[in-house]
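The structure appears right after this line, and notes come after that.
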């Protein structure tokens, strides 16, 4: 099923800012987004930024001790959304950062919304080029902590995610 839902310029700008942090000063780096949620607009015609659903790099260690747990708490209980999470992890060889695209699809969300979000997923993925990790989560159990997320990502032999040993 093809969707006629458009991706807003704001979503593309946030993604590009998250992907390539062009900032050079510490103050600019603090404004870089660690996580962001996107949803459908009221009229269901655009994918837009969800107001107030973000974590800034500057929040980590200041107002947000554990960015991953804070991110999971931002996910809506009964609605779909698309998310970007800039994961920092470590393997035996090196430290890495990868952008994760997560399609949040709780089982209790309305069926009509599910149809629109599922059919719009390709539209947003097409605009957000360079995503290395993608997954769909249907309940909090699937994203509850760093260990669970590392298992779902599984491609690398991670030894830590967001500074937490696995």
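The values are calculated or read from the model by the stated rules, or taken from the named source; none is laboratory data. Since we're looking at a predicted model, the values are computed, not measured. Ideal geometry is used to build each Cβ from the backbone, glycine not excepted, and the neighbour counts take in all protein chains shown.
Observations
- Subset of the range 20-43 [surrounded by fewer than 16 Cβ atoms within 10 Å (Cβ to Cβ) and either farther than 17 Å from residue 67 by Cβ or modelled with pLDDT of 90 or more (or both)]: 20, 22, 23, 24, 25, 26, 27, 28, 41, 42, 43
- Of the set (1) in contact with a strand residue (DSSP E or B) (Cβ under 6 Å, 6 or more places away or on another chain); (2) under 22 Å from residue 145 (Cβ atoms), all apply to residue 124 but (2).
- Those residues of the range 140-157 which are over 15 Å from the mean Cα position of the chain (by Cα) and assigned to a loop (DSSP other than H, G, I, E, B), in sequence order: 154, 155, 156, 157
- Restricting the range 93-127 to residues that are surrounded by 15 or more Cβ atoms within 10 Å (Cβ to Cβ) and assigned to a loop (DSSP other than H, G, I, E, B), the residue that is modelled with the lowest pLDDT: 109
- Residue within the range 132-141 that is within 21 Å of residue 43 (Cα to Cα), surrounded by 15 or more Cβ atoms within 10 Å (Cβ to Cβ) and free of Cβ contacts under 8 Å to residues at least 60 places away in the same chain present: no
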